[in-house]
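Peer 1: Quick one: this structure, given as structure tokens, is what I'll be asking you about.
The values are calculated or read from the model by the stated rules, or taken from the named source; none is laboratory data. If you're wondering where the values come from, they're calculated on a predicted model, not measured in any experiment. Virtual Cβ from ideal backbone geometry, glycine too; neighbours counted across all protein chains shown.
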Amino acid sequence: MTDGAEQLAPEHVTIVFAGLSHSWAEWIADQLTTAGAATTLVRWDPVHRDPDTSALTGFLAGPGRVLLVLDDWYLRFDSGRAGAWGEVLREVVPPHRERLGAVSVTTRPLPEAAAALAPVGLRGIGPEEARRRLFACLGIRATAQAVDLARSRRFPDDLPEVWNAPRRNRRFTGRERTLERLHDAFAAGAGETACVALHGPSGVGKTQVATEYAHRFAGEYDIVWCVSAAVRATAREQFAALAEKLGVTAGDERVGGLIDAVKETLRTTSLRWLVILDGAEDPEDLESLIPEGHGHVLITTHRTAWSRQGAELVELRQFDREESIAFACRRAARLTEDDADGLAEALQDLPLLLDQMAAWLDTNPAASVGGYVSSIRTGDPHDFGILPSQDYPRGFQVAWAITLNTLREDAPEVDELLKLLAYFSPDVVPVRLLQTARAGDLPPHLADLVAEPSSWNSALRKLSEATSMRLEYEPGPRGDVLTVGTIRMHRLFHRFVRSSMAPAARDRASSAACRVLVSADPRDPASPRNWARYAELIPHLELSGALDSADSDVRDLVLNCIEYLRMRGEYHDGWWLSRQAVDRWRKDSGAADRALLVAVHQQANMLRRLGRYAEAETVGRDILGRLTADPEARAIEVLRAKDGLGGTLMALAKYDEATALFEDAAAEAAARLGSSQVPRTLAIRSNLAVAIGLQGRYEASLELHRSILEARVGLLGGRNPLTLNSALHASWTLRLLGRYEEALAIQEHNCRLHRQVLDRNHTQTLLAEHNLALCLRRDGNLPFAHAMMRKVRDRLVKRRGAHHPETLMVSADYAMLLREDGQCAQAGELADSTAKLYEAQLGGHHPYAVGARANCALVLGDAGERGAALAVAEETRELMAEAAGEAHPWTLGCGLNTAVALRAAGDTRAAARVAEQVLDGARSALGEAHPLTANCEEVLHDEHAHPYWDFEPQPT
């Protein structure tokens, strides 16, 4: 351009940028394209190129203008090897000034070598001003119509609205090829979920690369969510926290429900999203956190096993030497390239060590670089008070030992702080918890340090500078200032610090860490306002030594964490933590120890909720035996053990024994607590009513459910969830008794209240809708029943999976609705899969497995396979009699189906004989008015009638 004239747009602009500025280059290209210019993006990485004028003049061989995007790469163009690029700029810019333009996207001053380009700054201003400056730089006349909003890319300084990535590492260096591979891998998966696992050994910088990827390509996403995935419970809680940001709810208190709600939102949204699982090791533990939809999942891991989950593997290794030199020089300004080269060789180009050792050199300016490098190469860990270990190369141990010795000599209080922090989880060391701990929880010198804000902040900065631990800031108590909330310590360094400590120092650090955690315990795991705090505490239990502590307060903390996991539906993690507590506490506790008993009870509870009923029974019988044999055992613990074992026995179809246990526990509770109307006794009596119903004694079960309902209405009110559950059971039992109209009237009202009180997606609400669908079916409203049952099953499958007991219960009923609706193929497939899943989980002789198989006989009969239908009907009748007894309604129902199958096969005499046997049993067990009794009469007196009974599993 000449004489300052402006044009509408140049014909072509070549945008030259380092990978660090990818999002800026994309935004610039987007703005120029909307203004009518053609653009070409060229990634130019100076660290991997020899200084040569042809590298720049080559860009000028093409048409139009060249725009250089200047970022932090250019800050060293005045010195060392990079200084040669400054000479290139000075040589190339003057004769080509009219075709060369430049913008600066760094907030730091550019070197003199770049000044000749007269770059315009785009950082720290709004998108409109940045666009105006860009156009002015290239001589483009901006018009009101220049920007096509439909195509507009987000301004790089504006992060996505949903964003939680760690702050960007301003010293990040290199890794251009890796970042390009990640971007290409995701781009290749357009239109579906793309999952990439960045794998490599510890210390190579996987987390830093993932963080840089999030920042560098933030403009391509509307949602960026990072999860610390090293601890399963923490990973699930952090992933579930995305629900609030997305404005979705699960309707219940389970973490799993929130996770499913998030995944469903990501699956259906048109927004672009990136989920990062950092430190994810075991695919089986974390595969439930992989969303589907039009988004990307980036996993950092040591393991290649993620490829079996469909992840594309991208390997990350040590720095190449050019990257090592560039990084070390940026980390410590006093290093020359030759110094950095020697340091990189001694540290095997491992990014973690380069970061830490360059930091040490930067904070110890009097230290000789050559002498330091020589010590790393030839030093002996013994010389620094460190026992050599086979876990790390000798040079690494020497380097770390120098760092620790310097801290111990120059800042002993910081050294003590580091040792204490090593007894928390390295992923997120909770500095904030130390600040809120009681004065007596910390050693006196650390308590004084924490109490003085200036000294505390100075110590944290010293620790960060000396060890390269990253500080994460958060708003202070009043929200007016930022304060350090957490520190991130690399796991390699964390293990080394712990291994270098003397036994007495370890004991002191462990004791202090446990006291800090106890101070942070809200002591109320049932309250939702405390759940974030318990999720924060759990990762530290193992490393702090809390699981091995005999202190009663520490054990209460562990128990509260277990209860939190139960409340949140995290049964797998709850089982693991309760098992750890039981195994360790039994070593030094009596059988009647309160904390141990609670842990055992929780262990059985978690096993039962996981469907591992046989293991739960073993645990339950063991603890009940121990308690009943101990004269000092507390009555409340015996009651809890009986109630818990009774629930397990119900799941195992040991209904008589379960009923006896509940009867005994209910009577004892009423005697001990003074009334049968108190909440704990009512809960046991409710379990008793369910057990009686499972025995087939529907009238007795209904009477007890109604008395409990009446008591709960008076005690808790009509809208309390426990009251609603009693009404649900009453309606359910009325339906089993054939009193369909009465059951429907109760359940319609009960369902409305569930939706109002507990939300539509709460587990109990889904069970209420399930029962309503069954009531509607019996009332003849098949379309409504079918639609409601389908929705309930879909939600359960998405939230809990197809194998969950509640999903199987609904699946069995939905298969029969499909059959009744004439969809025989779908009914047969679902009935068969449900029966197989029941058999796999509970065994082939469990009543639920038998009953689900009996439903298959009905579908076979509809398909005209009379011989197969009869064989299954006869087999399931015999098996049900063994499992539940000859007089049980389930056995009688199987008998009715057998009679119908016999008649369909042409054996009318055998059919009549079986029907008469079932009729006698039905009259005795259910009465003359029951539908099963009427159906038997119909089979005997109407040769054209084809009544049937289908099995309906019952909630326990």
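Peer 1: If I filter the range 441-454 down to residues being at pLDDT below 85 and not hydrophobic (A, V, I, L, M, F, W, C), which single residue comes out as nearest to A401 (Cα to Cα)?
Peer 2: My answer is H445.
Peer 1: For T628, which of the numbered conditions (1) free of Cβ contacts under 8 Å to residues at least 24 places away in the same chain; (2) buried (at least 21 other Cβ atoms within 10 Å of the Cβ); (3) among the β-branched types (V, I, T) fails to hold?
Peer 2: Evaluating T628 over (1) free of Cβ contacts under 8 Å to residues at least 24 places away in the same chain; (2) buried (at least 21 other Cβ atoms within 10 Å of the Cβ); (3) among the β-branched types (V, I, T) leaves (2) as the failure.
Peer 1: What helices (runs of 4 or more DSSP H), lying completely within the range 738-847, carry at least 3 residues that are out of contact with any Ser or Thr (no Cβ under 9 Å at 6 or more places or on another chain) and closer than 22 Å to P889 by Cβ?
Peer 2: Per the criteria, 763-778, 805-820, 824-842.
Peer 1: List the pairs whose first member sits in the range 275-289 and is within 12 Å of R236 (Cα to Cα), whose second member is assigned to a loop (DSSP other than H, G, I, E, B), and whose Cβ atoms are under 6 Å apart, counting only residues at least 6 apart or on separate chains?
Peer 2: Listed by first residue and then by second, the contacts come to L277/A229; A280/A229; L286/A229; L286/A280.
Peer 1: In this structure, is L343 on the phi < 0 side of the Ramachandran plot, crowded, with 20+ Cβ neighbours inside 10 Å and not in a helix (DSSP H, G or I)?
Peer 2: So L343 fails the test.
Peer 1: Could you go through the range 900-916 and let me know if any residue there is without any contact (Cβ under 8 Å) to a residue 60 or more places away in the chain, under 24 Å from Y655 (Cβ atoms) and part of a helix (DSSP H, G or I).
Peer 2: Checking the range 900-916: not a single residue is without any contact (Cβ under 8 Å) to a residue 60 or more places away in the chain, under 24 Å from Y655 (Cβ atoms) and part of a helix (DSSP H, G or I).
Peer 1: Residue check, G828 against (1) buried (at least 22 other Cβ atoms within 10 Å of the Cβ); (2) of a type outside the set (A, V, I, L, M, F, W, C); (3) over 28 Å from the mean Cα position of the chain (by Cα), all met but one. Which one?
Peer 2: (1)
Peer 1: Does the range 463-475 contain any residue that is touching an Asp or Glu at 6+ places or on another chain (Cβ under 6 Å), crowded, with 17+ Cβ neighbours inside 10 Å and assigned by TED's automatic domain parsing to the domain that holds W360?
Peer 2: Yes; the residues of the range 463-475 include at least one that is touching an Asp or Glu at 6+ places or on another chain (Cβ under 6 Å), crowded, with 17+ Cβ neighbours inside 10 Å and assigned by TED's automatic domain parsing to the domain that holds W360.
Peer 1: For the condition over 30 Å from D349 (Cβ atoms), outside any strand (DSSP E or B), in contact (Cβ under 8 Å) with a residue 12 or more places away in the chain and touching a Pro at 6+ places or on another chain (Cβ under 7 Å), what is the one hit in L258, L266, L271?
Peer 2: None of the other options fit; the residue is L266.
Peer 1: In this structure, is G625 in contact with a helix residue (DSSP H, G or I) (Cβ under 8 Å, 6 or more places away or on another chain) and not β-branched (V, I, T)?
Peer 2: No.
Peer 1: Turning to a different aspect of this structure: Out of the range 560-584, which residues are in a helix (DSSP H, G or I) and of a type in the set (G, A, S)?
Peer 2: Correct list: G574, S578, A581.
Peer 1: Restricting attention to the range 190-231, report how many residues are among the aromatic types (F, W, Y) and either outside the structural domain of D285 (by TED's automatic domain parsing) or in a helix (DSSP H, G or I) (or both).
Peer 2: 1
Peer 1: In the range 768-791, which residues are modelled with pLDDT under 95 and either surrounded by 20 or more Cβ atoms within 10 Å (Cβ to Cβ) or among the acidic types (D, E) (or both)?
Peer 2: D779
Peer 1: Still on this structure, please answer the following. Please determine whether any residue of the range 820-831 is under 15 Å from Q954 (Cβ atoms), at pLDDT 95 or above and out of contact with any Lys or Arg (no Cβ under 9 Å at 6 or more places or on another chain).
Peer 2: no
Peer 1: Let me ask you something else. Only one of G718, G714 is of a type in the set (G, A, S), assigned to a loop (DSSP other than H, G, I, E, B) and surrounded by fewer than 19 Cβ atoms within 10 Å (Cβ to Cβ); which?
Peer 2: G718
Peer 1: Quick one: which of P539, P525 is under 23 Å from the mean Cα position of the chain (by Cα), in a helix (DSSP H, G or I) and not assigned by TED's automatic domain parsing to the domain that holds L434?
Peer 2: None of the others qualify; the one that does is P539.
Peer 1: Let me confirm something: among D588, D622, which residue is of a type in the set (D, E) and more than 20 Å from G646 (Cα to Cα)?
Peer 2: The conditions single out D588.
Peer 1: Still on this structure: Does L565 satisfy the criteria of being at pLDDT 95 or above and either out of contact with any Phe, Trp or Tyr (no Cβ under 8 Å at 6 or more places or on another chain) or closer than 25 Å to L610 by Cβ (or both)?
Peer 2: No; evaluated as a whole, the condition is false for this residue.
Peer 1: Right, next: Can you pull out the residues in the range 482-505 that are touching a residue at least 60 places away in the same chain (Cβ under 8 Å) and either in contact with a His (Cβ under 7 Å, 6 or more places away or on another chain) or not hydrophobic (A, V, I, L, M, F, W, C) (or both)?
Peer 2: R488, H490, R491, H494, R495, R498, S499, S500
Peer 1: Moving on to the next point. Is it fair to say R308 is surrounded by fewer than 18 Cβ atoms within 10 Å (Cβ to Cβ), in contact with a Pro (Cβ under 8 Å, 6 or more places away or on another chain), touching a residue at least 24 places away in the same chain (Cβ under 8 Å) and not in a loop (DSSP other than H, G, I, E, B)?
Peer 2: Yes: the conditions hold for R308.
Peer 1: Let me ask another. Can you name the residue in the range 311-322 that is touching a strand residue (DSSP E or B) at 6+ places or on another chain (Cβ under 7 Å) and either hydroxyl-bearing (S, T, Y) or in a loop (DSSP other than H, G, I, E, B) (or both) and, of all such residues, is surrounded by the most Cβ atoms within 10 Å (Cβ to Cβ)?
Peer 2: A311
Peer 1: Can you tell me how many residues within the range 431-471 are touching a Ser or Thr at 6+ places or on another chain (Cβ under 6 Å) and either in a loop (DSSP other than H, G, I, E, B) or aromatic (F, W, Y) (or both)?
Peer 2: Matching residues across the range 431-471 total 2.
Residues are listed down the side, and each one gets a yes or a no for (1) part of a loop (DSSP other than H, G, I, E, B); (2) surrounded by fewer than 21 Cβ atoms within 10 Å (Cβ to Cβ); (3) on the phi > 0 side of the Ramachandran plot; (4) assigned by TED's automatic domain parsing to the domain that holds R488:
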| residue | (1), (2), (3), (4) |
| --- | --- |
| A233 | no, no, no, no |
| T249 | yes, yes, no, no |
| I276 | no, no, no, no |
| A280 | yes, no, no, no |
| E284 | no, yes, no, no |
| P291 | yes, no, no, no |
| A326 | no, no, no, yes |
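Peer 1: Among the hydroxyl-bearing types (S, T, Y) and either at pLDDT 95 or above or in contact with a Lys or Arg (Cβ under 8 Å, 6 or more places away or on another chain) (or both): does that describe S500?
Peer 2: no
Peer 1: Another question, if that's okay. Just one of (1) part of a loop (DSSP other than H, G, I, E, B); (2) within 36 Å of the chain's Cα centre (by Cα) trips up A333, so point out which.
Peer 2: (2)
Peer 1: Residues to consider are S701, S726, S686; find the one that is at pLDDT 95 or above, surrounded by fewer than 23 Cβ atoms within 10 Å (Cβ to Cβ), part of a helix (DSSP H, G or I) and among the hydroxyl-bearing types (S, T, Y).
Peer 2: None of the other options fit; the residue is S686.
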